[in-house]
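The values are calculated or read from the model by the stated rules, or taken from the named source; none is laboratory data. What you see is a predicted model; the values in this text were computed from it and never measured. FYI the Cβ positions are ideal-geometry reconstructions off the backbone, even for glycines, and counts take in every protein chain you see.
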Amino acid sequence: MNISVSEQIYQACPRLHLGIISCDVVNTSSDEALWEEIAAEEESLRLSMRMEEIARRIPIYETRQAYKKLGKDPNRYRPSAEALCRRILKGYPLYKIDTLVDLINLVSIRTGYSIGGFDAGKIKG
């Protein structure tokens, strides 16, 4: 697999680092143990952070700055990690999608990094 970053993104975000994991997986509709871990992470976030602190988390702050440099309004199109954390602090439940997406969301909440998960067999270009 060949991954490239456009010059526009490189110029706007010279400190950008990408991590890519490629693996074969078997997805399931839900995993109860995972949702117990997500619930614990939600509770930890509620106890440790206030709404106004979310955008100051370094990974979220840096993502918002990159959005701005690329002409995207981070208040209108929030980075996924920020949107997930805000949803939790507002008291809204997270959506149960499937085990892989739910796991990616947990990592985003925990780290503040917006993470994408893609089916390589469906990527074109």
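Name every residue in the stretch 91-117 that is outside any helix (DSSP H, G or I) and in contact with a helix residue (DSSP H, G or I) (Cβ under 6 Å, 6 or more places away or on another chain), in order of residue number.
Scanning the stretch 91-117 gives GLY112, TYR113, SER114, ILE115, GLY117.
Just for the stretch 51-89: of the residues that are out of contact with any Asp or Glu (no Cβ under 8 Å at 6 or more places or on another chain) and of a type in the set (Gly, Ala, Ser), which one is farthest from LEU100 (Cα to Cα)?
Checked the stretch 51-89; the qualifying residue farthest from LEU100 (Cα to Cα) is GLY71.
Right, PRO59: farther than 26 Å from LYS124 by Cα, in contact with a Gly (Cβ under 7 Å, 6 or more places away or on another chain) and not β-branched (Val, Ile, Thr) or not?
Considered against the rule, which asks whether it is farther than 26 Å from LYS124 by Cα, in contact with a Gly (Cβ under 7 Å, 6 or more places away or on another chain) and not β-branched (Val, Ile, Thr), PRO59 comes out as yes.
Please tell me if GLY19 is in contact with a Pro (Cβ under 7 Å, 6 or more places away or on another chain) and among the small types (Gly, Ala, Ser).
Criteria not met by GLY19.
Yes or no, residue by residue, for (1) surrounded by 17 or more Cβ atoms within 10 Å (Cβ to Cβ); (2) under 17 Å from the mean Cα position of the chain (by Cα):
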position: GLU37; (1), (2): no, yes
position: ILE60; (1), (2): yes, yes
position: GLY71; (1), (2): no, no
position: ALA83; (1), (2): no, yes
position: GLY91; (1), (2): no, no
position: LEU106; (1), (2): yes, yes
position: ILE109; (1), (2): yes, yes
position: GLY116; (1), (2): no, yes
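What tally of residues in the stretch 95-125 results from selecting those that are of a type in the set (A, V, I, L, M, F, W, C) and in contact with a Lys or Arg (Cβ under 6 Å, 6 or more places away or on another chain)?
Count: 0.
Out of the residues in the stretch 92-111 that are in contact (Cβ under 8 Å) with a residue 40 or more places away in the chain and among the hydroxyl-bearing types (Ser, Thr, Tyr), which is farthest from VAL5 (Cα to Cα)?
THR99
Determine, yes or no, whether SER48 is modelled with pLDDT under 95 and either more than 25 Å from ILE97 (Cα to Cα) or touching a Pro at 6+ places or on another chain (Cβ under 7 Å) (or both).
Answer is no for this residue.
Could you count how many residues in the stretch 1-35 are surrounded by 11 or more Cβ atoms within 10 Å (Cβ to Cβ), more than 18 Å from the chain's Cα centre (by Cα) and among the hydrophobic types (A, V, I, L, M, F, W, C)?
Total meeting the criteria: 2.
Any idea which of (1) closer than 23 Å to ILE21 by Cα; (2) in contact (Cβ under 8 Å) with a residue 40 or more places away in the chain is the one LEU89 doesn't satisfy?
(1)
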